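Take a look at the structure set out below.
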Amino acid sequence: MLDLFSIFSKGGIVLWCFQSTSQIFTPSVNALITNVILQERTGNNSFDHNGLSLNYKLDNEFDLVFVVVYQKILQLSYVDKFLNDIHLEFRDKYKNDLSDGKYFREFNFRNSFNSILHAAEEWGKTQLKLPKQMRTFDESVKSKKTVASMIEKKGSDKPKEVKKREVAFMEESPKITPPSPKAEDGMDEATLAANRAKFAQKISKKKPETKKSPKVVSEKEKAGKKPRVWDLGGTNKDLENLERTIIKPGNENDTNFTPNTELVGKMQGVIKDLEVEESTDDEDYEENEQEEIKQTKSSSKGGMFSLFKGLVGTKNLSHTDMQPVLEKLKDHLISKNVAADIAIKLCESVATKLEGKVLGTFETVANTVKSTLTDSLVQILSPKRRVDILRDCIEAQKNSRPYVMTFCGVNGVGKSTNLAKICFWLIENNMRVLIAACDTFRAGAVEQLRTHMKHLNALHPPEKHGGKQMVQLYEKGYGKDAAGIAMEAIRFAKDMGIDIVLVDTAGRMQDNEPLMRALSKLIKVNEPDLVLFVGEALVGNEAVDQLVKFNQALADYSSSSNPHQIDGIVLTKFDTIDDKVGAAISMTYITGQPIVFVGTGQTYTDLKALNAKAVVHALMK
């Protein structure tokens, strides 16, 4: 049973609507428009929202959307056929009005809708396969046998009954004649005994042992291996001085380095956008475009009428026309590190968006498909919501509480390093920061953050900020509960009037259930303002698996009706991939969350904001 059917234009004008219940479907239809149609995710033709299933079909020639809404628990097999039939019927019936743009006229479509729906429901009933009924005992072969036929008497020549399947198999299989026993019976016992004796002699023979010469042992080997002494190796006292995990008295403020003061003052205000070098387009697409232009020119030589006909543009794009171009684009995206599943979905979305569209004057298929895919990629990378951390921090200050950011991700992606870069940017904008060392698992994690704290305080000493220490480290050692440490750090920051708390968590694989439960507990207990997933720009399909399982774990282990999931992405090691920037597309497509920061280098100033157009340009070149 259909709850809602609606036909509306991409401009938002409702042409015709049918509603069978009093339920309000506006939020679900708005979610379809916002999350699917506007975000270029139209490859699946289905969308689920609040227990409802929304199936849709796009008409790109007249810019129409056909939507069917029904309860998700129902399995309606005729919905796709119904959408196709009613789409063709509405197009054929009101083709002239749609071509002229008469969207505000009254469409009398009730009778056609009822007849098409009834035909689709009847077709769906015929497609249902009823379960096969079991045979009764009287219908079985076993019931026809008597007890006497199943008793075998000793010495009787009655052959055993053979099943039909065995008979058929024996008839089809080739007949194999068993070896005749005459050859073995005809052999003499003396010959058998001689053969056995020869076989026993062969087994009893042994290979001649080769005598090995005794190994000469040198005097150095007798003395044993001695450790090598290096010229500048130092003594045991020097090795003791290399121990950094123990803080010795009097060395709390020992930095042992000269701060690079040239970095100070370069990160004030909003983070600068990422810049990507420009280059020429791919040669394959240029060759395809030139060939299609030649074909259009040669086809226009048929006369004056055909020339004017070509200027109007009457060619409707079909999936067959776009298939060769989409295959090349899919391979190109995969070569640029886009996950294979994401590349396929992007190409399907472009095909759905362009199917039936009329090409304009001098437009080629390759150029149209490529430009549409480029626009879709820019739309995907553009954030759907505002991300302004400095403004949110000021709002938190007005409420007398610290702004809390939590960093999570797999091992070795650079969480602590990029946390220090973000910390430097916040200090540059006169924000006091408390770093919560919640990585109580990895050896050296606390010492790494302590080193960053010393460097940052050397770049921004308290003398330049009215005697206030801009960066502090809250740590309780190793082996402690990370959620408890984060809670204590937030309470300490609130008491001390610190503006921002950066929570550093331990790296964990997405399949490690105990560690994922601990991360979900930390986020649920402390309720941070922003949860950032730190991922590498080097990965392709792995990024999809990481993000999906991190988000799923935060939802499953939260035991909350509205769990806090990933709010944004930090993309690290972006300077190591050249133009293979596909991981940015994969990560953003999966969660729909924006890439807030991009890490590019080794200094504190190597922090950028994602420029969607620049990344797409590098991806499509």
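The values are calculated or read from the model by the stated rules, or taken from the named source; none is laboratory data. Small disclaimer: the values here were computed from a predicted structure and weren't measured. Cβ sites come from the backbone with ideal geometry, for glycine too, and all protein chains shown count toward neighbours. Just so you know, the surface numbers come from the protein's heavy atoms only, side chains and all, with ligands and any DNA or RNA stripped out. Shrake-Rupley method; radii C 1.70, N 1.55, O 1.52, S 1.80 Å.
Put Thr451, Thr406 in order of accessible area, largest first, 1.4 Å probe: what do you get?
Most to least solvent-accessible, the answer reads Thr451, Thr406.
Once amide H atoms are placed 1.01 Å from N in the peptide plane, what residues at a sequence separation of 5 or more from Val404, or on another chain, have their amide H within under 5 Å of its amide H?
Here Val501, Asp529, Leu530 satisfy the definition.
Quick check: convex hull over the Cα atoms of the range 1-108, volume per residue in Å³, rounded to an integer?
Cα convex hull per residue, to the nearest whole number: 107 Å³.
Give the ranking of Val14, Val378, Val616 by solvent-accessible surface, highest area first, calculated with a 1.4 Å probe.
Values: Val14 90, Val378 35, Val616 0 Å².
Final ranking, largest accessible area leading: Val14, Val378, Val616.
How much length is gained on full extension from Ile394 to Thr136, taking 0.36 nm per residue of separation minus their Cα-Cα distance?
85.0 nm
For the range 564-576, take each phi angle, set θ = phi - 60°, evaluate the Karplus expression 6.51 cos²θ - 1.76 cosθ + 1.60, and give the result in whole Hz per residue in order, putting x for glycine and proline.
8, 10, 5, 9, x, 10, 10, 9, 9, 6, 6, 7, 9
Just add up the charged neighbours of Met516: K/R +1, D/E -1, any other residue whose Cβ is under 11 Å from the Cβ of Met516.
Working: positive: Arg508, Arg517, Lys521, Lys549; negative: Asp511, Glu513, Asp556.
Spelling it out: positives minus negatives among the neighbours equals +1.
Order Tyr103, Tyr403, most accessible first, counting only protein heavy atoms with a 1.4 angstrom probe.
Order by accessible area, largest first: Tyr103, Tyr403.
Any idea which of Tyr56, Phe90, Leu117 is furthest toward the positive side of the dipole for the range 48-119, if Lys and Arg beta-carbons carry +1 and Asp and Glu beta-carbons -1?
Towards the positive end, the residue furthest out is Leu117.
Alpha carbon centre of the range 317-382 versus the range 463-492: separation in Å?
Cα centroid of the range 317-382 versus Cα centroid of the range 463-492: 49 Å apart.
Contour minus end-to-end for Gln323 and Leu263, with contour as 0.36 nm per residue of separation and end-to-end as the Cα-Cα distance?
Length gained, Gln323 through Leu263: 16.5 nm.
What is the percent carbon and sulfur in the accessible area of the range 532-621, measuring with a 1.4 Å probe over the protein chains and ignoring ligands?
With neighbouring chains kept in place, the figure for the range 532-621 is 43 percent.
Count charges around Ala436 for me, please; just the other residues with Cβ under 9 Å from its Cβ, Lys/Arg as +1, Asp/Glu as -1.
-3
Within a Cβ distance under 12 Å of Gly412, other residues only, what is the Lys/Arg minus Asp/Glu net charge?
Spelling it out: positives minus negatives among the neighbours equals +3.
When the Debye formula is applied to the Cα atoms of the range 344-436, each taken as the same point scatterer, what base-10 log of I(q)/I(0) results at q = 0.11, 0.14, 0.18 Å⁻¹?
The Cα Debye sum returns log10 ratios of -0.61, -0.73, -0.89.
Would you kindly compute the Cα radius of gyration of the range 409-494 and its largest Cα-Cα separation (Dmax), both in Å?
Every Cα atom of the range 409-494 included, Rg and Dmax give 13.1, 39 Å.
Can you tell me how much longer the chain between Ser46 and Leu538 gets when fully stretched, taken as 0.36 nm per residue apart minus their C-alpha distance, in nm with one decimal?
Separation in residues times 0.36 nm, less the Cα-Cα distance, equals 173.9 nm.
Give the distance, in whole Å, between the Cα centre of the range 387-448 and the Cα centre of the range 513-570.
16 Å
For a quick check: with amide H placed at 1.01 Å from N, whose amide H comes under 5 Å from Tyr78's, ignoring anything fewer than 5 positions away on the same chain?
The list, which skips near neighbours in sequence, is empty: none.
Solvent-accessible area of Cys423, probe 1.4 Å, all protein chains present, reported in Å² to the nearest ten, please.
0 Å²
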